[in-house]
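Single-structure report; data block below.
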Amino acid sequence: MVTEGRIWVPYTLEQLAPLPGGLGDGSIVDVYDGFGVPVPDTAADVEFYVLPYTFDRVPLTRIAEMPRLRVIQALTAGYEHVLPHLPPGVVLCNGRGIHETSTAELALALTLAALRDIPTFVRGQDAGEWRSGFYPALADKRVLIVGYGAIGEAVDRRLQGFEVDVVRVARSARSGPHGPIRAMADLPGLLPHADVVILTVPLTEDTRGLVDADFLARLPDGALVVNVARGPVVDTDALLAELRAGRLRAALDVTDPEPLPADHPLRFAPGVLISPHVGGSSSAFLPRALRLIREQLARWSEGVTPANIVRDRATKTARSRSA
């Protein structure tokens, strides 16, 4: 075993069974989700901390009580909420491999529901009305995926067979498994030809407010903006202006602010479909999360560098899930 330091995990040992052989009987593993009090008295000996699947700050505050901490494993794909709490010399790993399936499914569900106007049918059902007619199809559309990491690629896989033209955009140009990937610098020239824009970028200083008034103004009339990334990637006021004008539509799993207040004008804007940040919240989550934790604990017990490193304060390196 590489260490005698403690490991904190948010799931029971029964759920995580079988534990890697290098962890022996699991006696150095504490089941703790960062919320309960009192905090286990083993905090000072923790070297590997698996955060629970939440954006709540409480589990993050426990990090300050861990002087021996070496690795933090987040179960979210994005990790911007962890960075302010990341001590020097501590490695941060994200939940790559957990959320691609569920988030890509929701991206397609939101896209189809918004285009075919499923909310109108639901309201018609509630009102006892038969709201038949012609509605936009996904077929023959040009779909622009902005952010081509694991989630963006998973969205692309699911678009195959929908008879669409997919345009892929990432930080830099390269070849991809489904076709060429354009550079972010090409976005201004690509937006006027996009019928649907699906956002899967991480929230960084470069992507905060990426979808601003200029971005939206470049889109053609009737275009649909689908956000399964982070709320602050989109300028809410700029989007509201386009929605109120009836020029664009939106399907949003994330918003800014979030949770969206009950009286927020975005809730009542025409042409918007909102889900409550549930991209990763499906039955696909838990088995994938447990599998990743097992794999990371196996690496840890064998002295192998963990997977999914997104930030290493010792070497000041970072990796982006849209890279």
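Points to keep in mind about this one:
- Answer from E163, E153 - the residue that is assigned to a helix (DSSP H, G or I) and either open to solvent by less than 50 Å² (accessible area, probe 1.4 Å) or of a type in the set (D, E, K, R) (or both): E153
- Index of the failed condition, A223 passing every other in (1) touching a helix residue (DSSP H, G or I) at 6+ places or on another chain (Cβ under 6 Å); (2) open to solvent by less than 10 Å² (accessible area, probe 1.4 Å); (3) aliphatic (A, V, I, L, M): (1)
- Comparison of L266, L273, L290 shows that the only residue that is more than 27 Å from T120 (Cα to Cα) and not in a loop (DSSP other than H, G, I, E, B) is L290.
- Lone qualifier among V228, V234 - being open to solvent by less than 20 Å² (accessible area, probe 1.4 Å) and under 16 Å from A170 (Cα atoms): V228
- Which numbered condition E105 misses (of (1) in contact with a Gly (Cβ under 8 Å, 6 or more places away or on another chain); (2) in contact (Cβ under 8 Å) with a residue 60 or more places away in the chain; (3) open to solvent by 10 Å² or more (accessible area, probe 1.4 Å)): (1)
- Taking the criterion of being buried (at least 18 other Cβ atoms within 10 Å of the Cβ), over 21 Å from G303 (Cβ atoms) and among the aliphatic types (A, V, I, L, M), the residues of the stretch 37-70 that qualify are A43, L51, L60, I63.
- All positions within the stretch 1-36 that are open to solvent by 50 Å² or more (accessible area, probe 1.4 Å) and not hydrophobic (A, V, I, L, M, F, W, C): E4, T12, E14, Q15, P18, G21, G24, D25, S27, D33
- Some residue of the stretch 113-121 being at pLDDT 95 or above, under 15 Å from A229 (Cα atoms) and either among the β-branched types (V, I, T) or open to solvent by 20 Å² or more (accessible area, probe 1.4 Å) (or both): no
- Residue in the stretch 190-200 that is at pLDDT below 95 and surrounded by fewer than 22 Cβ atoms within 10 Å (Cβ to Cβ) present: no
- Any hit, the stretch 127-144, residues being open to solvent by 40 Å² or more (accessible area, probe 1.4 Å), touching a Lys or Arg at 6+ places or on another chain (Cβ under 9 Å) and more than 30 Å from R230 (Cβ to Cβ): yes
- Any hit, the stretch 297-309, residues being open to solvent by 50 Å² or more (accessible area, probe 1.4 Å), farther than 26 Å from G147 by Cα, at pLDDT 80 or above and not in a loop (DSSP other than H, G, I, E, B): yes
- Taking the numbered list (1) closer than 17 Å to L110 by Cα; (2) modelled with pLDDT of 95 or more; (3) part of a loop (DSSP other than H, G, I, E, B) in turn, P257 passes all entries but (1).
- Which listed residue is in contact with a Phe, Trp or Tyr (Cβ under 6 Å, 6 or more places away or on another chain), outside any helix (DSSP H, G or I) and modelled with pLDDT of 95 or more, from L144, L138: L138
- Hits in the stretch 88-116 (condition: in a loop (DSSP other than H, G, I, E, B) and either among the aliphatic types (A, V, I, L, M) or touching a strand residue (DSSP E or B) at 6+ places or on another chain (Cβ under 9 Å) (or both)): G89, V90, N94, G95, R96, I98
- Within the stretch 145-158, the set of residues being in contact with a Lys or Arg (Cβ under 6 Å, 6 or more places away or on another chain) and over 8 Å from E100 (Cα atoms) comprises I145, Y148, G149.
The values are calculated or read from the model by the stated rules, or taken from the named source; none is laboratory data. Quick caveat, the model's predicted, so the values are computed rather than measured. So basically every Cβ, Gly included, is an ideal-geometry build from the backbone, and we count neighbours across all protein chains shown. Accessible surface is based on the protein model in full, side chains and every heavy atom, while ligands, DNA and RNA are left aside. Shrake-Rupley method; radii C 1.70, N 1.55, O 1.52, S 1.80 Å.
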